[in-house]
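The values are calculated or read from the model by the stated rules, or taken from the named source; none is laboratory data. These numbers were taken from a predicted model, which means no experiment stands behind them. Methodologically, a virtual Cβ is constructed for each residue, glycine included, from the backbone with ideal geometry; neighbour enumeration extends over all protein chains shown. Note: accessible area is taken over every heavy atom of the protein model, side chains too, but ligands, DNA and RNA are not part of it. Shrake-Rupley method; radii C 1.70, N 1.55, O 1.52, S 1.80 Å.
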There are 2 protein chains.
Amino acid sequence: MSTMYSDNLERREANYAPLTPIDFLARSAEVYGDRPAIVYGDVRRNWRDTYSRCKQLASALRRIGVSSGETVAVLLANTPEMVEAHFGIPMAGAVLNTLNTRLDAETILFMLRHGEARVLIIDTEFAPLAERIVAERPDLVIGFVADVAPGVHPAFAEALEYEAFLETGDVDYLWEMPSDEWEAIALNYTSGTTGDPKGVIYHHRGAYLNALSNILEWDMPKHSVYLWTLPMFHCNGWCFPWTVAARAGVNVCLRKFDVKAVFDLIRTEGVSHFCGAPIVQSALANAPGEWREGISHRVAAMVAGAAPAPSVIARMKEIGFELTHTYGLTEVYGPSAVCAEQSDWQDLDQEDLSKKMARQGVRYHLQSGVTVLDPETLEPVPSDGRTVGEVMFRGNICMKGYLKNPSATEEAFRGGWFHTGDLGVLMPDGYIRLTDRSKDIIISGGENISSIEVEDALYRHPAIAVAAVVAMPDQKWGEVPCAFVELKEGCQATELEIIGHCRLFLAGFKVPKAVVFGELPKTSTGKVQKFELRARAGSVRAIDFGD
Amino acid sequence: MSTMYSDNLERREANYAPLTPIDFLARSAEVYGDRPAIVYGDVRRNWRDTYSRCKQLASALRRIGVSSGETVAVLLANTPEMVEAHFGIPMAGAVLNTLNTRLDAETILFMLRHGEARVLIIDTEFAPLAERIVAERPDLVIGFVADVAPGVHPAFAEALEYEAFLETGDVDYLWEMPSDEWEAIALNYTSGTTGDPKGVIYHHRGAYLNALSNILEWDMPKHSVYLWTLPMFHCNGWCFPWTVAARAGVNVCLRKFDVKAVFDLIRTEGVSHFCGAPIVQSALANAPGEWREGISHRVAAMVAGAAPAPSVIARMKEIGFELTHTYGLTEVYGPSAVCAEQSDWQDLDQEDLSKKMARQGVRYHLQSGVTVLDPETLEPVPSDGRTVGEVMFRGNICMKGYLKNPSATEEAFRGGWFHTGDLGVLMPDGYIRLTDRSKDIIISGGENISSIEVEDALYRHPAIAVAAVVAMPDQKWGEVPCAFVELKEGCQATELEIIGHCRLFLAGFKVPKAVVFGELPKTSTGKVQKFELRARAGSVRAIDFGD
């Protein structure tokens, strides 16, 4: 429609630029070029040099023939090269595909094939994987990062050493702005429990906006010091490589999570912010007090992946770490909801506070919405804290779609919402609370049992460090809850004691019928692998309600 | 081009929402509904109620026939209704046109006509203006805000009282998202010194992004308390109505700037942030110390409109207010560059620090660029601190264009940059420094004289409170500098003394040939009205170099 507010007022170069997080790097290099960008052992690099290296990476990739819209995969630890990949690869117009370093060769080969990667940059720590990949994909260009181990492994005979490769790039390379902010910036495979992994595509606009949302939620000041406890291969480190660049902050890199190393870095580098799954937070909360000595500054911790246990919430508060609980999944760029703290929560006792904080919360700052809908009708559930529905997101912080999978994309976005597959309720204050991942619901004698509720009861037992509950087939009831528990160091408990404990808190049909002791299988991000437990419990039911 | 990263991956409702600052209000109402949004005398209103009132305003406007893309003008002081106008009017799909309350009726009538306003909301304080407007524009729907004066003035006989008008609106009105983030949200007339005012159009995308930039520059935490010392009619209060909503902060409204009232509000309401022209900052800096008693919290002040004088910078630091110097103009949504402070500046002595801080700086966080170019060739000037060029901006925080003025729009955006008309240099550290607004340059015997340089010299005189220099016609030299000065209370100085003082700091040809004493004419935002001084000095030269 032609109106006075639209005629001759089209977008033009002077007043329109695609939103891209690459610009955060460019600005930090321009304005805060001398400030530290990367800290990693002896490596100290400022924003100017980091920008130059990213330009070189982009230029070097173009020179070996990588063109716009092609995939460049990386199999890297949380090292400086991984930060550079988050900028240098999209600066070549390419799409960054970060691979989970804990996966088996078969799965990685699937992803490299499906994502049509032209180049793979790999850390020499993962030489055995590289060997298999090179054998199966002789066409793939391999670059290697020889940080912990030299690149003399036969897998790297034909490969390009990263620093030498960078040298081939032009430090003044005029990197490409995406021609449209809707262009892909990253490809992240979900670790689905069934079927082939799906390739989740992020675009520049979403990456930009979620990077800013992270700042807004954390009130994260300029020059914050961010510690890489969360793998960057997981949802692009929840978008934090871009967030840190937007703040001209410091990336404190860390190859391997280690509790003592984390406290040492918090002390020596003045780390102010870090992220991690509950298992990470729990390990820090339960560390010996003397490891924390000398740390008196404010430290903010973000937890997601699962609700933090009440004991972890309490303990983090005790040691003076400020915990923010966020919720999301790969399809929404990592954190996309937050349990936003209200001022009057400070008056609550620890138990009530923990209950409030364990909820998944409200939409993230620049996300349009998160709510709980009936998965069939897409009608909102009442905010009664009881009616279960499916958690759904909408807005700019939802993926572009699944790669080469239009039917899964359609299904995921059915009705104008992204369907998470997670079940939840809407609380009277508007906060969502997960009752269960839909796969995790246990149906016993026609009654639904929330595995989270059973796990909560287990966590109240003083000897239990980690607990997970899955369905176990049962002749009479169809399914019954089966508990898997890790005990705290030096603690003991019997199956009968634990079942007796659960009876105090749960209706009879919800009490686990079996308790299995031992270390729980976890993903690289500390999430308990329930599919593995289900296999152990002999449960093979495929529940696809709302999934 | 069809690629695997674009096929079947178009934007859809679930994963794309237009960027609009209205959403900041919606989220604050959802998440922080009980928190204070508005403080104004006895009026205390939370975010939920503020959102409801804005929905009512939008609904009421629709009911009287306002439709999408129409203009609604307001002539309001910094009252709660002015905050509401920033949301309720665009929520009706309309465009907000804030009018400068200090303008004469003739100019306002021009703007109402040119902007094609259907509705005008006016404060009863401006009844004489309303009378004239009603007489000339009987077709205009008038709403009045009877806050300081009842609406019994004859001008309001046919007008709608604001609160009653709100009552006609639906509190559950489903407000309109803009169908495109490129749609207009606001119309702001520039107070050009020659010719008719130009109507600068803001779009939702730019308003959203600059509101966020304000947060990023100030490291502004959630729930900040913002005091309205800056008129909201000026570049939409530098986008701060939207910024405060994005932070679920508090709008402390203030009808009239008054130094003592400001300190009282800082103390009683815990004001943490405010903005103002140098004259505002200067008035606060020079206030009696006892007015500040009891204020011990951090207060951040943003200054723009002109570089703050060194003495103001020093004094603000002394009284513990943190000053941020930003630069911009109506066409770039207010602040769009910032003199970003570097950590090593803290080691500078006060004079060197003031020199650094008086510069206009670097691009704002979410703006793409600000630089100094040769206005003819558009080549960058060397960053030598000496070569003068024109300051230019580019990026999402540039206006959509001028209303019904395609030739001015084309000219302003020539060559892919927004031309500010301000002259400046690029410093070796990449910061821009204004040498002069192009209109303000004085050409004497073929030499350019920067009026800013002469003003700087004048400000070094201990008796001078405010100084402004303009060109005065001269038989021999063409033009010579003429100084207008306000002396500090209780201070005295003669013309000869001041000229002698200037000789200490300036080359002979730059020394003012005349000094005029007395109060300087200022705009409502405290900017000295040089066009008025030029008239007094008898200078009528129209300099349109790069303008």
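Assorted remarks:
- Selection within segment A:211-228 - β-branched (Val, Ile, Thr) and open to solvent by 10 Å² or more (accessible area, probe 1.4 Å): A:VAL225
- Boolean, B:VAL372 is touching a residue at least 24 places away in the same chain (Cβ under 8 Å), among the β-branched types (Val, Ile, Thr) and facing another protein chain (nearest Cβ under 9 Å): no
- Residue among A:HIS365, A:HIS419 that is at pLDDT 95 or above, touching a strand residue (DSSP E or B) at 6+ places or on another chain (Cβ under 7 Å) and either outside any strand (DSSP E or B) or within 14 Å of another protein chain (Cβ to nearest Cβ) (or both): A:HIS419
- Scope segment A:388-412; condition within 7 Å of chain B (Cβ to nearest Cβ) and either on the phi > 0 side of the Ramachandran plot or in contact with a strand residue (DSSP E or B) (Cβ under 8 Å, 6 or more places away or on another chain) (or both); matching residues: A:ARG394, A:GLY395, A:CYS398, A:MET399, A:LYS400, A:GLY401, A:LEU403, A:LYS404, A:THR409
- In segment A:297-340, counting only strands (runs of 3 or more DSSP E) that sit wholly within it, the ones holding 2 or more residues that are under 18 Å from A:VAL528 (Cα atoms) span A:321-329.
- Output for segment A:115-144, where each listed residue is within 14 Å of chain B (Cβ to nearest Cβ) and either of a type in the set (Lys, Arg) or open to solvent by 40 Å² or more (accessible area, probe 1.4 Å) (or both): A:GLU116, A:ARG118
- Residue selection: A:SER59 fails the criterion of being within 14 Å of chain B (Cβ to nearest Cβ) and touching a residue at least 40 places away in the same chain (Cβ under 8 Å).
- With respect to (1) more than 29 Å from A:PRO36 (Cα to Cα); (2) surrounded by fewer than 22 Cβ atoms within 10 Å (Cβ to Cβ), the lone exception for B:GLY276 is condition (2).
- Candidates A:GLN367, A:GLN350, A:GLN360 - the one that is without any contact (Cβ under 8 Å) to a residue 60 or more places away in the chain, in contact with a Lys or Arg (Cβ under 9 Å, 6 or more places away or on another chain), polar (S, T, N, Q) and in the same structural domain as A:GLY421 (by TED's automatic domain parsing): A:GLN350
- Residues satisfying the stated conditions in segment A:64-97, i.e. under 16 Å from A:GLY199 (Cβ atoms) and open to solvent by 10 Å² or more (accessible area, probe 1.4 Å): A:GLY69, A:GLU70
Residues checked against (1) within 30 Å of B:LEU187 (Cβ to Cβ); (2) modelled with pLDDT of 95 or more:
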site	(1), (2)
B:VAL262	yes, yes
B:GLY276	yes, no
B:PRO308	yes, no
B:ILE319	no, no
B:PRO335	yes, yes
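- Residues in segment B:504-526 that are at pLDDT 90 or above and open to solvent by 40 Å² or more (accessible area, probe 1.4 Å): 4 in all.
Residue-by-condition table, conditions (1) free of Cβ contacts under 8 Å to residues at least 12 places away in the same chain; (2) on the phi > 0 side of the Ramachandran plot; (3) among the hydrophobic types (A, V, I, L, M, F, W, C); (4) open to solvent by 50 Å² or more (accessible area, probe 1.4 Å):
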position	(1), (2), (3), (4)
A:LEU423	no, no, yes, no
A:GLY430	no, yes, no, no
A:TYR459	no, no, no, yes
A:PRO481	no, no, no, no
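- Taking the listed residues A:GLY199, A:GLY237, A:GLY206, the one that is surrounded by 22 or more Cβ atoms within 10 Å (Cβ to Cβ) and under 13 Å from the mean Cα position of the chain (by Cα) is A:GLY237, with no other qualifying.
- One residue alone among B:MET232, B:MET220 is at pLDDT 90 or above, outside the structural domain of B:MET111 (by TED's automatic domain parsing), over 18 Å from the mean Cα position of the chain (by Cα) and closer than 24 Å to B:THR50 by Cα, and that residue is B:MET220.
- Condition check for A:PHE418: surrounded by 15 or more Cβ atoms within 10 Å (Cβ to Cβ) and over 29 Å from the mean Cα position of the chain (by Cα): no
- Boolean, B:GLY206 is within 13 Å of another protein chain (Cβ to nearest Cβ) and on the phi < 0 side of the Ramachandran plot: yes
- So B:GLY430, is it over 21 Å from the mean Cα position of the chain (by Cα), facing chain A (nearest Cβ under 8 Å), assigned to a loop (DSSP other than H, G, I, E, B) and more than 23 Å from B:ASN97 (Cβ to Cβ): yes
- A:ASP34 within 21 Å of A:VAL252 (Cβ to Cβ), more than 28 Å from the chain's Cα centre (by Cα) and open to solvent by 10 Å² or more (accessible area, probe 1.4 Å): yes
- Residue in segment A:63-76 that is touching a Pro at 6+ places or on another chain (Cβ under 8 Å) and either modelled with pLDDT of 95 or more or away from chain B (no Cβ under 14 Å) (or both) present: no
- B:PRO36 being closer than 21 Å to B:SER224 by Cβ and of a type outside the set (Phe, Trp, Tyr): yes
- Summed over segment B:325-357, the residues that are within 21 Å of the chain's Cα centre (by Cα) and polar (S, T, N, Q) give a count of 3.
- Among residues of segment B:1-54 being among the acidic types (Asp, Glu) and over 21 Å from A:LEU216 (Cα atoms), the one that is nearest to the other protein chains (Cβ to nearest Cβ) is B:GLU13.
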